[in-house]
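What follows is one structure encoded as structure tokens, with my remarks underneath.
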Amino acid sequence: MAKTMKAVQYDKYGGGAAGLKHVEVPVPSPKKDEMLIKVEAASINQVDWKIQKGMLRPFMPRKFPFIPVIDVAGEVQELGLGVSNFKVGEKILGLLDFTNGGGLAEYAVAPKAIIAKRPRNMSPAEAAGLPAAGLTAFQSLKSAGIKFDGTDKSSNILITAASGGVGHFAVQLAKVAGLHVTATCGARNVELVKNLGSDEVLDYKTPEGAALKSPSGVKYDYVVHCAPTVPWSVFEPVLSDHGKVVDITPTMTSIFSSFIKKVTFAKKKLVPLFLVPKEGELEFLVNLAEEGKLKTVIDSKHPLSKAGDAWAKSIEGHATGKIIVEN
Ligand SMILES: NC(=O)c1ccc[n+]([C@@H]2O[C@H](COP(=O)([O-])OP(=O)(O)OC[C@H]3O[C@@H](n4cnc5c(N)ncnc54)[C@H](OP(=O)(O)O)[C@@H]3O)[C@@H](O)[C@H]2O)c1
């Protein structure tokens, strides 16, 4: 096996796509409970370039240079001690360790906990697009109160930015749970978002869209908010009496507001969500994908040699589905 590999890294905060450097570095070795993956495809999430911008400074990156990206699909190349549920040569998808990154490379080391076997009907690109965005959508719905055990009532849910990486999975998962979905997106994506299963779609650039008002007048029991921050005063009038907003891009203000609502026993709730991957959840999503109930919409595919284009596309904030980097 090769001793070195191509990778894309950055060596300081800031710089955007121009700050990414193409390098040849040693292939990493899997430690206990890890495996070495030959990466076939990786997907960019907003958090990848937000870390480069310094959002988690001084905690992340832990050191420079840093190879970013945590979503990968590929083939198991080598097993570390303690990994017995995977075989060399097996096709997988999953999340790398958030603090180590490593996905923008030919090989990456992954912890066994958040890796799943890849079904035959999923391409490497579709598989790489699923983990972080799919799990965030899933955990947002669970945190709203959806159980996915067949007992969910047919409640009304609003999903904002339903054309984005997280939003397009949230729409499909809400339909799996049997909810009535209102979704927001730009005019160019209305058809796509309808085809994903949304019952009603709002163009966010219209006055009704900006006010999040459902065309049929329903009030929302749940909101999975994937679009940029909007004030609570926009949600308040469109929520049902016990409506709950799950905010996946929490700010200090929304975290404070959520705390106040909790301690004052407010009926309408705001819940900040940070993805904390749990064992078994990725398998649940992969099973849905295998059954054809969950599809990854691909915005664009870029070779590793053009990873900067993928990075810049994600920074622009107008992806339809997932942005993929292929080896
Ligand atoms: N909390 C967590 O653990 C977690 C995990 C994953 C993601 N996130 C965060 O969640 C947010 C969404 O992530 P993502 O990956 O889904 O983003 P994304 O894929 O980059 O979202 C892009 C999409 O959002 C649409 N959009 C932009 N502004 C909108 C608005 N005001 N109303 C409706 N649609 C709008 C865009 O449509 P147009 O092109 O038509 O403008 C585009 O299709 C980001 O802030 C990300 O950092 C948080």
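The values are calculated or read from the model by the stated rules, or taken from the named source; none is laboratory data. Being a predicted model, the structure only gives us computed values, none of them experimental. Here the Cβ positions follow ideal geometry from the backbone for every residue, glycine too, while neighbour counts run over all protein chains shown. The area values use the complete protein model at the heavy-atom level, side chains included, leaving out ligands, DNA and RNA. Shrake-Rupley method; radii C 1.70, N 1.55, O 1.52, S 1.80 Å.
For segment 136-272, with the dipole built from +1 on Lys and Arg beta-carbon atoms and -1 on Asp and Glu ones, taken about the Cα centre, which of 237, 181, 265 lies farthest toward the positive end? Of the options given, the answer is 265.
Looking at the chain alone, DSSP beta bridges between its own residues are antiparallel in about 55 percent of cases. Angle of helix 307-316 to the longest C-alpha principal axis of the chain, folded into 0 to 90 degrees and rounded to 10: 20°.
Phi angles across segment 272-284 convert, under the Karplus curve 6.51 cos²θ - 1.76 cosθ + 1.60 with θ = phi - 60°, into 3J(HN,Hα) values of x, 10, 10, 5, 10, x, 10, 4, x, 5, 5, 4, 4 Hz, Gly and Pro given as x. Its residue count N sets the reference 2.2 N^0.38 Å, and the alpha-carbon radius of gyration of segment 136-272 equals 0.96 times that reference. Peptides 194-202, 68-76, 99-107 ranked from most to least packed give 68-76, 99-107, 194-202, packing being the mean of other C-beta atoms within 10 angstrom over each peptide's residues. Available extension along the chain between residue 59 and residue 151 is 29.0 nm, counting 0.36 nm per residue and deducting the alpha carbon span. Once the gyration tensor of the Cα atoms in segment 1-156 is diagonalised, the equivalent ellipsoid follows with semi-axes of 27, 22, 13 Å, ordered largest first. Dipole check for the chain: with +1 at the C-beta of Lys and Arg, -1 at the C-beta of Asp and Glu, and the Cα centre as origin, the magnitude is about 580 Debye. Each of 73, 166, 324 was placed along the dipole of the chain (beta-carbon charges, centred on the mean Cα), and the one lying farthest toward the positive end is 166. Shown in residue order for segment 142-154 are the 3J(HN,Hα) couplings computed by the Karplus curve 6.51 cos²θ - 1.76 cosθ + 1.60 at θ = phi - 60°: 5, 5, 6, x, 7, 9, 6, 10, x, 9, 5, 7, 7 Hz (x for Gly and Pro).
In a fully extended conformation the segment linking residue 293 and residue 4 would gain 100.1 nm over its present Cα-Cα distance, using 0.36 nm per residue. Using Cβ point charges alone (K and R +1, D and E -1), the dipole size of segment 162-215 about the Cα centre works out to roughly 80 debye.
Summary value for the chain: 18 percent relative contact order, contacts being C-alpha pairs under 8 angstrom separated by 6+ residues. Mean projected area of the convex hull spanned by the Cα atoms of the chain, taken over all viewing directions: 16.6 nm². Converting phi to 3J(HN,Hα) with the Karplus coefficients 6.51, -1.76 and 1.60 and the offset θ = phi - 60°, segment 59-65 yields 7, 9, x, 5, 7, 9, x Hz in sequence order, with x at every glycine or proline. Residues 226, 185, sorted by accessible area with the largest first, give 226, 185 [1.4 Å probe; ligands and nucleic acids excluded].
Over all other residues within a Cβ to Cβ distance under 10 Å of residue 138, the charged ones net out to +1, with Lys and Arg as +1 and Asp and Glu as -1. Positive-end ranking of 143, 115, 129 along the dipole of segment 112-151, with charges on Cβ about the Cα centre, is headed by 115. The stretch between residue 236 and residue 203 holds 9.9 nm of extra length on full extension. This uses 0.36 nm per residue minus the Cα-Cα distance.
Given Cβ point charges of +1 (Lys, Arg) and -1 (Asp, Glu) and nothing else, what value in debye, to the nearest 20, does the dipole of segment 136-272 about its Cα centre take?
Here the size comes out at about 320 debye.
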